[in-house]
Structures are given as structure tokens and as C-alpha cells.
1. Could you figure out which of (1) aromatic (Phe, Trp, Tyr); (2) closer than 30 Å to ARG78 by Cβ; (3) modelled with pLDDT of 90 or more isn't true of PHE38?
2. Pairs, please: C-beta under 8 Å, at least 6 apart or cross-chain, first residue under 18 Å from VAL86 (Cβ atoms) and in the range 105-119, second surrounded by fewer than 23 Cβ atoms within 10 Å (Cβ to Cβ) and of a type in the set (Asp, Glu)?
3. Which of the residues that make up the range 126-155 are modelled with pLDDT under 90, surrounded by 15 or more Cβ atoms within 10 Å (Cβ to Cβ) and part of a strand (DSSP E or B)?
4. Out of ALA18, ALA27, which single residue is at pLDDT below 70, exposed (fewer than 15 other Cβ atoms within 10 Å of the Cβ) and small (Gly, Ala, Ser)?
5. Kindly check whether there is at least one residue in the range 91-114 that is within 17 Å of LYS128 (Cα to Cα), modelled with pLDDT of 85 or more and touching a Lys or Arg at 6+ places or on another chain (Cβ under 6 Å).
Amino acid sequence: MIENPLASYRFVVTLDPADAHLPPLQAALLPIMAAAGFSEVTGLGASLEVMDYAEGGTNDMVHQLPVRHSWERISMRRGVVRGLSVWMWYQAGLMQSLGARRDGAIVLLTPMGVPAMSWIFRGGLAAKWTGPELKASEDAVAIESIEIAHQGIIQIPLSPPGVG
């Protein structure tokens, strides 16, 4: 039997956002079918730029006006990639940046490998790809890191609290 190379990772990435809504039996197969698995994911965040506005005659406060909302880049490190889909996505961004936007999902797995939480990103571009340092004396992973610039994140709980 072929060993699943993504089994030891706790985050999987799929370029099909519908995978975040799979029924439990199909969701259990997600680690086997996902495009990639990573041991570290950062950048699931956002910020709101705020402008101070001092109103004349109001001396006890300064108004805080919203200006623009921005999303952090999702950064995934120390991963294993299945096939060429992630690399081809990055390559498409070099040739046709507008046509290379993809929606996708990052799925957090429980220790038993069951999906527990998912973050769907919209309009993602593979903005930076870093390959592994290859050393003959060490086992290397297939990808060191990838950064995704995107247009928004939606968080979706996949299992009830205390399950998994």
C-alpha cells in the first residue's frame, strides 16, 4: 500500500472551495485528495485602515473613520504538494495574472485527520513560491513555502465543538 505523504501534516490546501462544504464521509477523504499539505499556515487575518478626524468644537474625542480594508497574504510553509496543480497555478500568474485568480480552501485537520475548520479564500494569486533546500543528507519536502494574495477569507466550522 502506498503511504499518504500528506498524513503527517495538519493543514491541507485545495483549489476547489466547494471542498470546504463536503458532507462528513466525503470530507474524511479530503486529506487523500487535496492538492497540498502544509505544517504551518500564517496570515489568516485582515486589517482596517482608520483615519483620525478631529471635529471642531469636540475636544473630548477624535472620530475614527474607516478608510479601507485589506487582507494579509496567506503564507504556508513546509509542505508536500501532490502533482503540479500548485506550480501551474503560480506559473499562470506569471503569464496571465488576471486569469490566474483561483478560489480555494485551507482546511485544518484534527489529530485523527478529520477536517475541523476551513478558511475559503477568494480571488487568490500564488504571489510567491519558494522551493526546498535540497541536501543529500536530509529528507526534503516538495515545497518550502507559498504565499497567496487574495480578495477575502470566509471561516467555516466543519464539525461541532468537542468532536474529532
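1. The one condition PHE38 does not meet is (3).
2. ALA105/ASP16
3. Selection gives ALA126, ALA127, TRP129, ILE143, GLU144, SER145, ILE146.
4. Values: ALA27 fails: exposed (fewer than 15 other Cβ atoms within 10 Å of the Cβ).
Testing whether each residue is at pLDDT below 70, exposed (fewer than 15 other Cβ atoms within 10 Å of the Cβ) and small (Gly, Ala, Ser) leaves just ALA18.
5. yes
The values are calculated or read from the model by the stated rules, or taken from the named source; none is laboratory data. This is a predicted model, so every value here is computed, not measured. Cβ atoms come from the backbone with ideal geometry, glycine included; neighbour counts cover every protein chain shown.
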